[in-house]
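Notes for the one structure printed next.
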Amino acid sequence: MNSAQPHSPDARLLDALAAGNSSTRLKAALAIGTDPEPGFVDALVARCAIEPDFFVRDMLTWALTRLPSEITVPKLRAELDSGSTQARSQALHTLSKIGDSDAWPAITSSLLHDADDEVARSAWRAAVVLVPDGEKEALATKLAAQFGRGDREVRLSLSRALVALGDVVEPVLRAAMTRHDPAVRAHAGATERLLRDPDAGFDLAVDEARRVFALGPDREETQAC
């Protein structure tokens, strides 16, 4: 592949990316990723924003990871300002898979707190992959501000992101476990349990945290004896 002299994209593959049949679109994305040419980057990024099929989106992301990051990252960063939630979410997901630290400044607080749960979850995952070591504590504080947000899947995503940051999250977990809101305390407590025991089930960790906060740690230990 000669990135300095990109070939014009194959019109047949471009048409296939927009075909009505998801299998055809999947095969087109696979073909592009197998023999990647920079000329396809705009079409791949644009398709990510509108592709309805999960498996095709995953293949589009894979195809983008096969291209030089100096070409793909600027295009994906531009998508983070899109009014389309899918465009933002998929661009974040792809940036997390590419793993280029140059993308870190684009993971803004507004994305981490995006009103759309899928965008926020994608931003959390991208952030923990891209964050420099010196900024992990600040990121943990931003993430912990969202304890209690959303349904089970959203809360589990937030807990996993915090756990992925490692021991630097312990102070923010302890602080959140003293908050007035019982949902925040339970979520923080479950995250702390997962940090200590990554194999613990999330639902069991939430139940245990609620029980500890309801009974108090001393009574919890008494019941366990």
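The values are calculated or read from the model by the stated rules, or taken from the named source; none is laboratory data. Just so we're clear, the structure is a prediction, and the values are computed from it rather than from any experiment. Glycine gets a Cβ as well: all are built from the backbone with ideal geometry, and neighbour counts include every protein chain shown. Note: areas computed on protein heavy atoms with side chains; ligands, DNA, RNA excluded. Shrake-Rupley method; radii C 1.70, N 1.55, O 1.52, S 1.80 Å.
Some notes on this structure:
- Matching residues in the range 59-86 - criterion: being under 13 Å from residue 102 (Cβ atoms) and within 17 Å of the chain's Cα centre (by Cα): 73, 76, 77
- Flag for residue 184 being modelled with pLDDT of 95 or more and β-branched (Val, Ile, Thr): no
- Inside the range 47-57, residues that are out of contact with any Asp or Glu (no Cβ under 8 Å at 6 or more places or on another chain) and surrounded by 16 or more Cβ atoms within 10 Å (Cβ to Cβ) make up a count of 3.
- Count of the range 7-40 residues, restricted to those that are at pLDDT below 95, surrounded by 16 or more Cβ atoms within 10 Å (Cβ to Cβ) and either touching a Gly at 6+ places or on another chain (Cβ under 6 Å) or of a type in the set (Val, Ile, Thr) (or both), is 1.
- Filter result (aliphatic (A, V, I, L, M), open to solvent by less than 30 Å² (accessible area, probe 1.4 Å) and farther than 23 Å from residue 116 by Cβ) within the range 58-86: 63, 67
- Flag for residue 87 being in contact (Cβ under 8 Å) with a residue 12 or more places away in the chain, more than 22 Å from residue 173 (Cα to Cα) and not polar (S, T, N, Q): yes
- Listed here are the helices (runs of 4 or more DSSP H) enclosed by the range 3-67 that have at least 2 residues being among the hydroxyl-bearing types (Ser, Thr, Tyr) and out of contact with any helix residue (DSSP H, G or I) (no Cβ under 7 Å at 6 or more places or on another chain): 22-34.
- Cβ pairs under 8 Å, 6+ apart, first in the range 28-46 and among the hydrophobic types (A, V, I, L, M, F, W, C), second open to solvent by 40 Å² or more (accessible area, probe 1.4 Å) and in a loop (DSSP other than H, G, I, E, B): 40/9; 43/9
- The range 50-67 residues that are farther than 18 Å from residue 84 by Cβ, paired with ones that are assigned to a helix (DSSP H, G or I) and of a type in the set (Lys, Arg) (beta carbon under 6 Å, 6 or more apart): 65/97
- Within the range 96-119, residues that are within 20 Å of residue 155 (Cα to Cα) and open to solvent by less than 60 Å² (accessible area, probe 1.4 Å) reach partners that are part of a loop (DSSP other than H, G, I, E, B) and among the small types (Gly, Ala, Ser) with beta carbons closer than 6 Å, at six or more positions or on different chains, in the pairs 117/150.
- On inspection, residue 123 fails the criterion of being more than 14 Å from the chain's Cα centre (by Cα), at pLDDT 95 or above and crowded, with 21+ Cβ neighbours inside 10 Å.
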